[in-house]
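A.B. asks: The following block contains the structure, expressed as structure tokens.
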4 protein chains.
Amino acid sequence: MDDRIRSSFAKQSMMQTLGAEIESVAPGEVVITAPILPGSRQQHDVAHAALSFAIGDTAAGYAALTMMPEDCEVMTAEMKINLLAPGAGKVLRATGKVIKPGRRLVIVTAEVHAVTGEKEKLVALLQGTMVPVSA
Amino acid sequence: MDDRIRSSFAKQSMMQTLGAEIESVAPGEVVITAPILPGSRQQHDVAHAALSFAIGDTAAGYAALTMMPEDCEVMTAEMKINLLAPGAGKVLRATGKVIKPGRRLVIVTAEVHAVTGEKEKLVALLQGTMVPVSA
Amino acid sequence: MDDRIRSSFAKQSMMQTLGAEIESVAPGEVVITAPILPGSRQQHDVAHAALSFAIGDTAAGYAALTMMPEDCEVMTAEMKINLLAPGAGKVLRATGKVIKPGRRLVIVTAEVHAVTGEKEKLVALLQGTMVPVSA
Amino acid sequence: MDDRIRSSFAKQSMMQTLGAEIESVAPGEVVITAPILPGSRQQHDVAHAALSFAIGDTAAGYAALTMMPEDCEVMTAEMKINLLAPGAGKVLRATGKVIKPGRRLVIVTAEVHAVTGEKEKLVALLQGTMVPVSA
């Protein structure tokens, strides 16, 4: 499962553009981190909302994939993000979780924290729906 | 207004990373386009959902800004995206619109189309809330 | 189609509790109205958000049903509502529309207006996903 | 605080129509229950989605109110609900929680469980934004 997810992740060029990496893969939970690169910012020099979205959505999607049969892939049907605080810091870390698995729809959430040294702050909360598709 | 928005946009390094450009600015409506760059894709080589989110959210935000006093800026409080079709094609184009202006909250939507030559297809629909903040 | 939807609607006791009625059924668009009954209010005596949600969600669901085969029913997978103004007036009217039909997921929106005489005001905007299920 | 919330709740006629009651009030967390009344159902005789929305939204709103100054009330700006399972059982119970308090926006979630005897099942998950307003 770990291999399958890392191999799929490696094919997502957007993840490389953003410098994102998989930190951990467990059944129903995937963690992805990304540095707040000079090229990932908004006009006040903190992380663009799209960076939180990108890694939150991807972490949630792969969390869903851990609960699916081997011949499936996953697509985001919809995702809602609440932005709680500016994405200031060195790194963003997204923790995606499965709330309810299912054959047709998988309900997921993700929390995105801004991390600087030992401090971390919740900056975004996502809730959405993943759809299994045959690979 | 046009200048103010283009100047703010130019400071968003994420927009440059994604190759995004402002196509038009009108009261309550802003259009942003982005090529589907080799580095903006997911594992099936179409646009990553985060590209639709990035330009849809930004177009909606600047649409909100057109309705605000000069000393204000705008932040996304929350945004929901429904993904309707794969982002296949040459270019994505996001049209952000204000549904309801307000002093405290501005309700916005955005449609994202994939464009190839004269064909265009609706690939994402966004609905969210922008918050004015003093600049 | 009209009969099928009216017959299903008649079985929804919540719609009767709220005094809701189907105003019109057309392919991809269903309109439902409800008086703002004395028992449908929040603490400031205007319509409770749940009334806008109830008729907006139901109008969107039946709009989706108009695009499905006869042996299908429809369930709400998820729905997001932005509340734009207090639900003050005599009647709420929800117009549900299909944005994108599909075999697995149907993307819908609904607008809810408060209507008093000839005046009407947009009070809520919904965007969500309906799922076909076999009857 | 408890009195203030119970007094506001008592003025919401929709809550009485649905038979809803406040089960508990604590800082940042409010629990509301409602029987699945004969008049609160959809066409398959389980709870209408609007019942989950009504008590989930209200529990989340009062959870937000516990974190506000005494002269404030709260309004829902937006709310998203994912429906995870049919609302079958005797009673629905909504647990509303504050994720992030704030002077301008309060981010909240709610979980809705269907409860029958000792069994309970998560049937809906809500995530939204409450706005303080002066009373």
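The values are calculated or read from the model by the stated rules, or taken from the named source; none is laboratory data. Keep in mind the model is a prediction, meaning the values are calculated, not measured. Positions of Cβ are backbone-derived with ideal geometry, glycine not excepted, and every protein chain shown enters the neighbour counts. The protein model used for the area step is the full one, side chains on, heavy atoms only, and it has no ligands, DNA or RNA in it. Shrake-Rupley method; radii C 1.70, N 1.55, O 1.52, S 1.80 Å.
Residue-by-condition table, conditions (1) buried (at least 23 other Cβ atoms within 10 Å of the Cβ); (2) at positive phi; (3) outside any loop (DSSP other than H, G, I, E, B):
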site: A:Met15; (1), (2), (3): yes, no, yes
site: A:Glu23; (1), (2), (3): no, no, yes
site: A:Val31; (1), (2), (3): no, no, yes
site: A:Met67; (1), (2), (3): no, no, no
site: A:Glu73; (1), (2), (3): no, no, yes
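A.B. asks: In addition: Out of all the residues in region C:88-111, which are of a type in the set (A, V, I, L, M, F, W, C), touching a residue at least 60 places away in the same chain (Cβ under 8 Å) and within 12 Å of chain B (Cβ to nearest Cβ)?
C.D. replies: C:Val98 - this is the single residue of region C:88-111 that is of a type in the set (A, V, I, L, M, F, W, C), touching a residue at least 60 places away in the same chain (Cβ under 8 Å) and within 12 Å of chain B (Cβ to nearest Cβ).
A.B. asks: Of a type in the set (Val, Ile, Thr), open to solvent by 20 Å² or more (accessible area, probe 1.4 Å), modelled with pLDDT of 95 or more and under 15 Å from the mean Cα position of the chain (by Cα): does that describe C:Thr95?
C.D. replies: The answer is yes for C:Thr95.
A.B. asks: Shifting gears a bit: Which one of D:Ala114, D:Ala135, D:Ala85 is of a type in the set (A, V, I, L, M, F, W, C), more than 19 Å from D:Ala20 (Cβ to Cβ) and either surrounded by 17 or more Cβ atoms within 10 Å (Cβ to Cβ) or at the interface with another protein chain (Cβ under 8 Å from one of its Cβ atoms) (or both)?
C.D. replies: Details: D:Ala114 fails: more than 19 Å from D:Ala20 (Cβ to Cβ); D:Ala135 fails: either surrounded by 17 or more Cβ atoms within 10 Å (Cβ to Cβ) or at the interface with another protein chain (Cβ under 8 Å from one of its Cβ atoms) (or both).
Of D:Ala114, D:Ala135, D:Ala85, the one residue that is of a type in the set (A, V, I, L, M, F, W, C), more than 19 Å from D:Ala20 (Cβ to Cβ) and either surrounded by 17 or more Cβ atoms within 10 Å (Cβ to Cβ) or at the interface with another protein chain (Cβ under 8 Å from one of its Cβ atoms) (or both) is D:Ala85.
A.B. asks: Check D:Val74 against each of (1) of a type in the set (Val, Ile, Thr); (2) free of Cβ contacts under 8 Å to residues at least 60 places away in the same chain; (3) out of contact with any helix residue (DSSP H, G or I) (no Cβ under 7 Å at 6 or more places or on another chain) and name the one condition it does not meet.
C.D. replies: Condition (3) is where D:Val74 drops out.
A.B. asks: So, D:Asp57, is that one under 19 Å from C:Asn82 (Cβ atoms) and either open to solvent by 40 Å² or more (accessible area, probe 1.4 Å) or not aliphatic (A, V, I, L, M) (or both) or not?
C.D. replies: Here the answer is yes, as D:Asp57 does meet what is asked.
A.B. asks: When the residues of region C:34-45 are narrowed to those that are open to solvent by 30 Å² or more (accessible area, probe 1.4 Å) and in contact (Cβ under 8 Å) with a residue 24 or more places away in the chain, which ends up nearest to C:Ala124 (Cα to Cα)?
C.D. replies: My answer is C:Pro35.
A.B. asks: Evaluate region B:113-121: report whether one residue or more is in contact with a strand residue (DSSP E or B) (Cβ under 7 Å, 6 or more places away or on another chain), of a type in the set (Lys, Arg) and under 23 Å from D:Arg104 (Cβ atoms).
C.D. replies: No, that holds for no residue.
A.B. asks: Let me ask you something else. Can you confirm whether region C:46-59 contains a residue that is charged (D, E, K, R), away from every other protein chain (no Cβ under 11 Å) and farther than 25 Å from D:Glu73 by Cα?
C.D. replies: The answer is no, given that none of the residues of region C:46-59 is charged (D, E, K, R), away from every other protein chain (no Cβ under 11 Å) and farther than 25 Å from D:Glu73 by Cα.
A.B. asks: Can B:Val108 be described as more than 13 Å from B:Ile55 (Cα to Cα) and crowded, with 22+ Cβ neighbours inside 10 Å?
C.D. replies: Yes, satisfied.
A.B. asks: Does at least one position in region A:1-19 carry a residue that is out of contact with any Cys (no Cβ under 6 Å at 6 or more places or on another chain), free of Cβ contacts under 8 Å to residues at least 60 places away in the same chain, closer than 30 Å to D:Ile81 by Cβ and of a type in the set (Gly, Ala, Ser)?
C.D. replies: no
A.B. asks: May I pose another question? Quick one: how many residues across region A:1-35 are touching a strand residue (DSSP E or B) at 6+ places or on another chain (Cβ under 8 Å), β-branched (Val, Ile, Thr) and within 10 Å of chain B (Cβ to nearest Cβ)?
C.D. replies: The total comes to 0.
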